[in-house]
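Structure first, then comments.
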Amino acid sequence: MAKTNLIAGLDVGSEKLTAVAAAHDEETNTIQILAGRSVPCKGVRGGIVSDIRETSAAVTYLLGGLERELNKDISHLYVGLRGAHLESFSNHGTYNISRMDKEITQADMDLAVENAKSMPIKNDNEIIHVFTQGFAIDKLRGITNPEGMEGSLLEVDVHITTGSSTHLNNLAKAIQRPGYKIDNMFYGMVPLGHCVLTQEEKDIGALIVDLGGETMSVGIYNEGILKFSRDIPYGCDLITSDLSRLLHTSRQNARMVKEKYGVAFPTFLEEDGEIPVPSLDGRSTNNINKHYILDIIQPRVEELLEQIQHCVATSGYKNSAIVGVLTGGGSLMPGMQEQAMNVLGLKEVRCGGVQRDLVTAADEFFDPLYSTAVSLVAYASESTGYEEYGRESYGGSGKSLFGKIGRLFKGMDIFGG
Ligand SMILES: Nc1ncnc2c1ncn2[C@@H]1O[C@H](COP(=O)(O)OP(=O)(O)OP(=O)(O)O)[C@@H](O)[C@H]1O
Ligand SMILES: [Mg+2]
């Protein structure tokens with residue numbers, strides 16, 4: 001009988017938490033977004049928990065709201081991780097098949113991946129995510145699934161993300177305190193790249209950039225595979241800081257000016273004119289010329305994009321990206337696309353959210369602000385077998401709060417037919 005699972009995803013953003021709940025029909029592989037919302041959270045900064053109590057309160061408020069909307073309990077959730085404590089590398093593993101029959105099994109593949117994972121990582125860090133890029137059999141590369149094939153030497157390329165155990169455990173505590181269980185934690189870029197880029201973009205070579213508030217995440221795909229990723233520890237909130245300082249107004253007003261009137265490229269200034277901006281004490285209003293606002297925003301946007309350009313230039317995959325895709329809140333600023341083309345030297349850049357087909361009553365779930373949360377549930381729905389390569393390190397290390405990771409969708413067959 002067809003089964004429908006409830007999948008919930010939590011995106012831990014710079015100053016807010018975003019969650020979505022979706023129903024996944026296993027038979028048709030349809031994802032229906034049932035509900036989603038964001039709440040401000042002062043307890044996280046750039047993906048790192050600075051106050052567990054504040055974060056737990058925001059989690060309770062956010063998920064409680066979703067539960068009431070759905071009229072169902074959300075007991076388990078997937079969490080998207082990001083932040084400057086995360087580091088990603090590529091590595092290589094090998095395994096010799098010494099049996100007579102030489103037929104490669106899943107266990108052989110697991111052992112090759114285990115070998116790729118045995119690399120020195122920083123003290124207090126642990127492996128969060130292991131993304132299998134591809135296999136080679138007897139030096140013949142480009143094998144996506146070697147199970148059942150014959151060979152003597154099995155090799156695997158992996159993309160590994162590590163993170164600080166302290167930060168991960170603090171985040172886990174903040175989520176678990178109100179009683180929610182974590183099914184899995186993914187490095188946010190992996191689901192994001194998977195669901196925001198089209199297959200053609202991944203194949204030809206794409207740079208994906210999540211322009212968040214306090215983090216900019218960069219991913220480079222080539223030949224359909226994530227080759228490189230990095231989180232840069234600042235983002236579009238710097239534009240807000242500049243506006244606040246130079247316009248002598250509160251951060252809240254500066255953010256409103258940025259989101260309502262801000263443009264990153266001169267041709268997007270629709271008309272001349274002035275914008276009323278409240279003074280810092282709120283007692284008066286200053287009329288600010290739109291050109292002056294552009295003069296503040298444009299250099300900062302260029303500087304942020306130059307950091308991304310530097311990241312790409314030093315990635316080892318400098319010439320791999322043919323197209324660029326911008327997502328996250330910062331991509332909503334008019335002219336960001338044009339600036340990205342200029343600074344990143346790409347002929348084609350688009351801005352957008354999740355590309356996967358979704359059943360949803362609200363278009364906002366395709367919005368760049370929902371990219372990470374929606375891609376988390378979409379990715380989780382496809383991740384059968386993920387646990388074999390995923391967070392078992394939590395169980396092994398003895399320092400994580402998660403213990404051995406559970407089977408996907410355990411106990412979540414609540415819509416089941
Ligand atoms: N319409 C808009 N125009 C310009 N900037 C915007 C717009 N909407 C949101 N932003 C900016 O996008 C940033 C937030 O983006 P997003 O919601 O993707 O970040 P986050 O997920 O909370 O944080 P992070 O990804 O850094 O952890 C803020 O700097 C916000 O001001
Ligand atoms: Mg984000």
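The values are calculated or read from the model by the stated rules, or taken from the named source; none is laboratory data. Since we're looking at a predicted model, the values are computed, not measured. Using ideal geometry, Cβ is built from the backbone for each residue, glycine included, and neighbour counts are taken over all protein chains shown.
The set of residues from segment 6-46 being within 20 Å of A58 (Cβ to Cβ), more than 16 Å from ligand 2 (Cβ to nearest atom) and out of contact with any strand residue (DSSP E or B) (no Cβ under 9 Å at 6 or more places or on another chain) comprises just one member, K42. All of T18, T4 fail the test of being surrounded by 17 or more Cβ atoms within 10 Å (Cβ to Cβ) and within 27 Å of C236 (Cα to Cα), apart from T18.
Of L226, L238, all but one fail to be surrounded by fewer than 22 Cβ atoms within 10 Å (Cβ to Cβ) and in contact with a helix residue (DSSP H, G or I) (Cβ under 9 Å, 6 or more places away or on another chain); the exception is L238. Assessment of segment 163-171 against the conditions (part of a helix (DSSP H, G or I), under 27 Å from the mean Cα position of the chain (by Cα) and surrounded by fewer than 19 Cβ atoms within 10 Å (Cβ to Cβ)) yields at least one matching residue. Restrict the check to segment 341-353 and report whether at least one residue is among the small types (G, A, S) and farther than 22 Å from S371 by Cα. Looking through segment 341-353, at least one residue is among the small types (G, A, S) and farther than 22 Å from S371 by Cα.
One line per residue, one yes/no per condition, for (1) within 12 Å of ligand 1 (Cβ to nearest atom); (2) surrounded by fewer than 18 Cβ atoms within 10 Å (Cβ to Cβ); (3) of a type in the set (A, V, I, L, M, F, W, C):
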{"residue": "V39", "(1), (2), (3)": "yes, yes, yes"}
{"residue": "I52", "(1), (2), (3)": "no, yes, yes"}
{"residue": "L63", "(1), (2), (3)": "no, no, yes"}
{"residue": "L66", "(1), (2), (3)": "no, no, yes"}
{"residue": "I74", "(1), (2), (3)": "no, no, yes"}
{"residue": "G80", "(1), (2), (3)": "yes, no, no"}
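Checked against the criterion of being closer than 22 Å to F228 by Cα, in contact (Cβ under 8 Å) with a residue 40 or more places away in the chain, of a type in the set (D, E, K, R) and not assigned by TED's automatic domain parsing to the domain that holds G235, the candidates K72, K117, K102 yield just one match: K117. Just to be sure I understand the filter: pairs with C-beta atoms under 7 Å, separated by 6 or more residues or on different chains, first member in segment 203-217 and more than 14 Å from T18 (Cβ to Cβ) and assigned to a loop (DSSP other than H, G, I, E, B), second member more than 13 Å from ligand 1 (Cβ to nearest atom) and of a type in the set (F, W, Y). Which pairs pass? Partner pairs satisfying both residue conditions: G205/Y221. Residues in segment 109-123 include none that are of a type outside the set (D, E) and touching a Lys or Arg at 6+ places or on another chain (Cβ under 9 Å).
When segment 204-252 is limited to residues that are within 17 Å of E303 (Cα to Cα), hydroxyl-bearing (S, T, Y) and touching an Asp or Glu at 6+ places or on another chain (Cβ under 8 Å), the one that is modelled with the highest pLDDT turns out to be S217.
Consider V59 carefully, then state whether it is more than 30 Å from C311 (Cα to Cα), over 18 Å from the mean Cα position of the chain (by Cα) and within 16 Å of ligand 1 (Cβ to nearest atom). In short, yes. With a requirement of 2 or more residues that are surrounded by fewer than 24 Cβ atoms within 10 Å (Cβ to Cβ), modelled with pLDDT of 90 or more and within 16 Å of ligand 1 (Cβ to nearest atom), the helices (runs of 4 or more DSSP H) lying completely within segment 328-393 that satisfy it span 336-344. Of all the residues in segment 246-263, those that are out of contact with any Lys or Arg (no Cβ under 9 Å at 6 or more places or on another chain) and touching a residue at least 12 places away in the same chain (Cβ under 8 Å) number 11.
Among the residues making up segment 106-123, a single one is assigned to a loop (DSSP other than H, G, I, E, B) and surrounded by 15 or more Cβ atoms within 10 Å (Cβ to Cβ): I121. Filtering R53, R37 for residues that are of a type in the set (K, R) and under 22 Å from F186 (Cα atoms) leaves a single hit, R37.
In this structure, does E126 turn out to be closer than 30 Å to N169 by Cβ and outside any helix (DSSP H, G or I)? In short, yes. Here L226 meets each of (1) over 21 Å from I160 (Cβ atoms); (2) away from ligand 2 (no atom under 16 Å from the Cβ) with one exception, condition (1).
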